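Down below is the structure, laid out as structure tokens.
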């Protein structure tokens, strides 16, 4: 899976609304059909995630149980539905790596002006 750098101007405001307090300049887009949930701290790294419904802009937080690595839900692989974008705020080894927008490939061309 290829990750593509984008600028803040290329990202629709409804997707930025998932993390309104983010002040960084790192944005990436990925296209894939599945998402592996890692919504907990592990050895200094963390992948916070939210889902954004593309038709309405509604932001959905994952279940609180997914933040506990001892629960099966914390390690779930889910299909990214048509019409949904997963927005991650990534910290890798304590370093803020920015926001990543993960689209099902059928939705990507409509929402971010970046070629595959």
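The values are calculated or read from the model by the stated rules, or taken from the named source; none is laboratory data. Owing to the predicted nature of the structure, the values given are computational and were not obtained by experimental measurement. Backbone-built Cβ (ideal geometry, glycine too); neighbour counts: all protein chains shown.
So for segment 80-99 (the condition being touching a strand residue (DSSP E or B) at 6+ places or on another chain (Cβ under 6 Å), buried (at least 18 other Cβ atoms within 10 Å of the Cβ) and at pLDDT below 90), does at least one residue qualify?
No, that holds for no residue.
Return the total of residues in segment 37-60 being more than 19 Å from residue 12 (Cα to Cα), surrounded by fewer than 16 Cβ atoms within 10 Å (Cβ to Cβ) and either at pLDDT 90 or above or out of contact with any strand residue (DSSP E or B) (no Cβ under 6 Å at 6 or more places or on another chain) (or both).
4
Would you be able to tell me the number of residues in segment 12-52 that are in a loop (DSSP other than H, G, I, E, B), in contact with a helix residue (DSSP H, G or I) (Cβ under 9 Å, 6 or more places away or on another chain) and closer than 24 Å to residue 79 by Cβ?
Count: 5.
Suppose we keep only residues that are more than 13 Å from residue 98 (Cα to Cα) and surrounded by 13 or more Cβ atoms within 10 Å (Cβ to Cβ) within segment 12-23. Which one would you say is nearest to the chain's Cα centre (by Cα)?
We begin by selecting, within segment 12-23, every residue more than 13 Å from residue 98 (Cα to Cα); these are 12-15, 17.
Checking the rest, the ones that are also surrounded by 13 or more Cβ atoms within 10 Å (Cβ to Cβ) come to 12, 14-15, 17.
Values: 12: 14, 14: 13, 15: 9, 17: 12 Å.
Filtering segment 12-23 for residues that are more than 13 Å from residue 98 (Cα to Cα) and surrounded by 13 or more Cβ atoms within 10 Å (Cβ to Cβ), the one nearest to the chain's Cα centre (by Cα) comes out as 15.
Does residue 105 satisfy the criteria of being part of a loop (DSSP other than H, G, I, E, B), out of contact with any helix residue (DSSP H, G or I) (no Cβ under 8 Å at 6 or more places or on another chain), farther than 13 Å from residue 38 by Cα and at pLDDT 90 or above?
no
Condition first: farther than 16 Å from residue 107 by Cβ, touching a residue at least 24 places away in the same chain (Cβ under 8 Å) and exposed (fewer than 11 other Cβ atoms within 10 Å of the Cβ). Can you find one or more residues in segment 24-35 that meet it?
yes
Run residue 110 past the list (1) out of contact with any helix residue (DSSP H, G or I) (no Cβ under 9 Å at 6 or more places or on another chain); (2) at pLDDT below 85; (3) over 20 Å from residue 31 (Cβ atoms) and report the number of the one that doesn't hold.
Going through the list (1) out of contact with any helix residue (DSSP H, G or I) (no Cβ under 9 Å at 6 or more places or on another chain); (2) at pLDDT below 85; (3) over 20 Å from residue 31 (Cβ atoms), residue 110 breaks only (3).
Does segment 53-71 hold any residues that are more than 20 Å from residue 91 (Cβ to Cβ) and assigned to a strand (DSSP E or B), and which are they?
Result: 53, 60.
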